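Structure first, then comments.
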Amino acid sequence: MENKINKIIAVMSGKGGVGKSFVSSLLAVNLNREGYKVGIMDADITGPSIPKIFGLNKVRAQIIDKKLQPVETKTGIKVMSLNLLLEEENKPVIWRGPLISGTVKQFYDETNWGELDYLIIDLPPGTSDVTLTVMQSMPVDYIVVVTSPQDLVNLIVEKSIHMSKMMNVPILGIVENMSYAVCPDCGKKIEVFGKSKSEQVAKEMGLDLIAKLPINSGFTQLCDEGRIELFNHELEEFASLGTKILEKM
């Protein structure tokens, strides 16, 4: 069966540790709840975390008729990740760049995605060989940049913008993760990493700040337990991400 993928959204960041895989997973869940057919391609080969977030870390993908078969989550999101192919998920992947890039290309070309409205690609941090491979060999429609409220945000966004321009792929906007925490006693917002500069940076670079996601211990626990699909609809900041991104297209 030939794959029919309507739109591809690549989620990238200029550095690690900003929650890019979390945002990729959250976006997939949001779009799935809107009734769309969604897949996630985990292109972060040396640090694949998507299977764990969805509770698939004990499942293994199959190969049928020389095609990789993505594993489906409980709500029907299709996932392909190197951790779904390794015998032991905790073993390090010590590969050189060309082999890693080739594997990512296989995840697109040789995976039976079927019909999808949206394929979310969780890219590795930075602007490495893998990111370049994805941009050059796959019909990526949009980029979403993930940042955190720190001084490095300017550098992160600049690197992403320059790469998107080189590859001629439009950036939908910026998602700032870990923007603040809410005090459980008084409800006050606490800017754990200091005052955010994302709005200023986005304005200077002609981009939209799509969302500012808070630190939420309950949500973090769901991800750690592989139950992200069960998060409460009342968590508006998290539940509205998909809608906000769709509005930018």
Next item on the list: Could you identify the single residue in Glu229, Glu237 that is in a helix (DSSP H, G or I), in contact with a strand residue (DSSP E or B) (Cβ under 9 Å, 6 or more places away or on another chain) and among the acidic types (Asp, Glu)?
Entry: Glu237
Check: Could you give every pair whose Cβ atoms fall below 8 Å, whose first residue belongs to segment 38-62 and is farther than 21 Å from Asp109 by Cβ, and whose second residue is open to solvent by less than 40 Å² (accessible area, probe 1.4 Å) and of a type in the set (Asp, Glu), counting only separations of at least 6 or pairs across chains?
Finding: Ser49/Asp42; Phe54/Glu229
Item checked: Contacts under 8 angstrom Cβ, first residue in segment 85-113 being closer than 23 Å to Lys37 by Cβ, partner surrounded by 12 or more Cβ atoms within 10 Å (Cβ to Cβ) and at pLDDT below 80, 6 or more apart -> Val104/Ile45; Val104/Val130
Checklist line | Breaking point among (1) open to solvent by 70 Å² or more (accessible area, probe 1.4 Å); (2) farther than 18 Å from Val18 by Cα; (3) touching a residue at least 60 places away in the same chain (Cβ under 8 Å), for Lys188 | finding: (3)
Check: Restricting segment 91-120 to residues that are of a type in the set (A, V, I, L, M) and not in a loop (DSSP other than H, G, I, E, B), which is modelled with the lowest pLDDT?
Finding: Leu99
Next item on the list: Report whether or not Lys78 is among the basic types (Lys, Arg), surrounded by 17 or more Cβ atoms within 10 Å (Cβ to Cβ) and modelled with pLDDT of 90 or more.
Entry: yes
Check: Do you know which residues across segment 116-132 are of a type in the set (D, E, K, R) and either in contact with a strand residue (DSSP E or B) (Cβ under 6 Å, 6 or more places away or on another chain) or open to solvent by less than 10 Å² (accessible area, probe 1.4 Å) (or both)?
Finding: Asp117, Asp122
Next item on the list: Hey, can you tell me all the residues within segment 226-249 that are at pLDDT 85 or above, open to solvent by 90 Å² or more (accessible area, probe 1.4 Å) and among the acidic types (Asp, Glu)?
Entry: Glu247
Checklist line | So Glu88, is it farther than 20 Å from Ser13 by Cα, at pLDDT below 85 and not polar (S, T, N, Q) | finding: yes
Next item on the list: Just name the residue that is most open to solvent (accessible area, probe 1.4 Å) out of those in segment 14-60 that are among the small types (Gly, Ala, Ser) and modelled with pLDDT under 85.
Entry: Gly17
Notebook entry, point to check: Consider Glu204 against the criteria (1) in contact (Cβ under 8 Å) with a residue 12 or more places away in the chain; (2) open to solvent by 70 Å² or more (accessible area, probe 1.4 Å); (3) not aliphatic (A, V, I, L, M): it satisfies all of them except one. Which criterion is unmet?
Noted result: (1)
Next item on the list: Could you list all residues from segment 1-13 that are within 16 Å of Gln69 (Cβ to Cβ) and open to solvent by 60 Å² or more (accessible area, probe 1.4 Å)?
Entry: Met1, Glu2
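The values are calculated or read from the model by the stated rules, or taken from the named source; none is laboratory data. Because the structure is a prediction, the values reported are computed rather than measured. Glycine gets a Cβ as well: all are built from the backbone with ideal geometry, and neighbour counts include every protein chain shown. SASA here: full protein model, heavy atoms, side chains in, ligands and nucleic acids out. Shrake-Rupley method; radii C 1.70, N 1.55, O 1.52, S 1.80 Å.
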